[in-house]
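Right, one structure below, let's go through it.
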Amino acid sequence: MLRVLVKVTLMAYLVGGCAYHGPSQSDIDNPAVRKVAWFSYLDGNDIRERCAPGAPDRFRLVYNGQYEKQIRSYEITQASPNPGGAYFTARAMGPTNLAEVELNDLLAPWRWQKSESQLSGGELDQFRDLLTQSGWGKGAPQGKILHSRDFYWVASGCRNGQFHFDAWVHAQGDFPEVKFQDFLLARDKTNVAFRQPVKVGPRDRTEQGRPSERSATIFQLTVSGEGIGGLLNAF
């Protein structure tokens, strides 16, 4: 019965469309919004829409530690009117635990653990440098496959009025290029341990076991242009 209630609650939000426009960062804290707009959130659609000359710098970095086992999100937004620092929001989520359901919050097991803090101007500059050292801003890796059962980082952002997107996949040997990970984790106060990447083979990306044990959440995305290809942002 509980599963049915949760499914009904989530389905009620489908009429809201699939694109994440994010007028408020807190929208993605809503499990229903996250469920229907996750791909658009990864794509940085809302950041792209607001990126223009004079806009504050804004960055989103998402870690996929095999989608159903761990996802993490980091938002860094240049403070205004003080351009010297930034707001830092960390979010993390592990496997769904239905034992955490509360009658006054049926969606509790699907909510992020979240922490918020501020970065100094020096820390913001350090982050920008680390992101640049990771290759961000030099052109997205066209055709790169992002599989839900892989370990990968994606980064979307607006810097100096220009939008950029990048992705790094562990199984494709990209992680040595990632220079920003330690910076983010050092400021992450979610108390959710980082899930280290492990080797993922072709069999790991397919369904195993009995039908009742199989996941309904297997997906594959492809980098195209400065973002993820094939997404509809018309809603």
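At a glance:
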quantity	calculated
Single match in ALA216, ALA234, ALA193 (criterion: at pLDDT 85 or above and not in a helix (DSSP H, G or I))	ALA193
Neighbours by Cβ (under 6 Å, 6+ apart or cross-chain): first from the range 185-198, farther than 13 Å from GLU75 by Cα; second surrounded by fewer than 17 Cβ atoms within 10 Å (Cβ to Cβ) and among the polar types (S, T, N, Q)	LYS189/SER115; THR190/GLN113; THR190/SER115; VAL192/GLN113
Elements of type helices (runs of 4 or more DSSP H) contained in the range 1-108, each with 2 or more residues being at pLDDT below 95	2-11, 31-43
ALA86, sole failed condition from (1) crowded, with 18+ Cβ neighbours inside 10 Å; (2) out of contact with any helix residue (DSSP H, G or I) (no Cβ under 8 Å at 6 or more places or on another chain); (3) not charged (D, E, K, R)	(2)
Residues of the range 196-206 classified as part of a loop (DSSP other than H, G, I, E, B) and surrounded by fewer than 16 Cβ atoms within 10 Å (Cβ to Cβ), total	5
Failed criterion for GLN142 (all others in (1) under 15 Å from ARG72 (Cβ atoms); (2) part of a loop (DSSP other than H, G, I, E, B); (3) not basic (Lys, Arg) hold)	(1)
Checking ILE47 against (1) among the hydrophobic types (A, V, I, L, M, F, W, C); (2) under 19 Å from ASP188 (Cα atoms); (3) surrounded by 22 or more Cβ atoms within 10 Å (Cβ to Cβ), the condition it does not meet	(2)
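The values are calculated or read from the model by the stated rules, or taken from the named source; none is laboratory data. Bear in mind the structure is a predicted one, so any value in this text is a computation, not a measurement. Methodologically, a virtual Cβ is constructed for each residue, glycine included, from the backbone with ideal geometry; neighbour enumeration extends over all protein chains shown.
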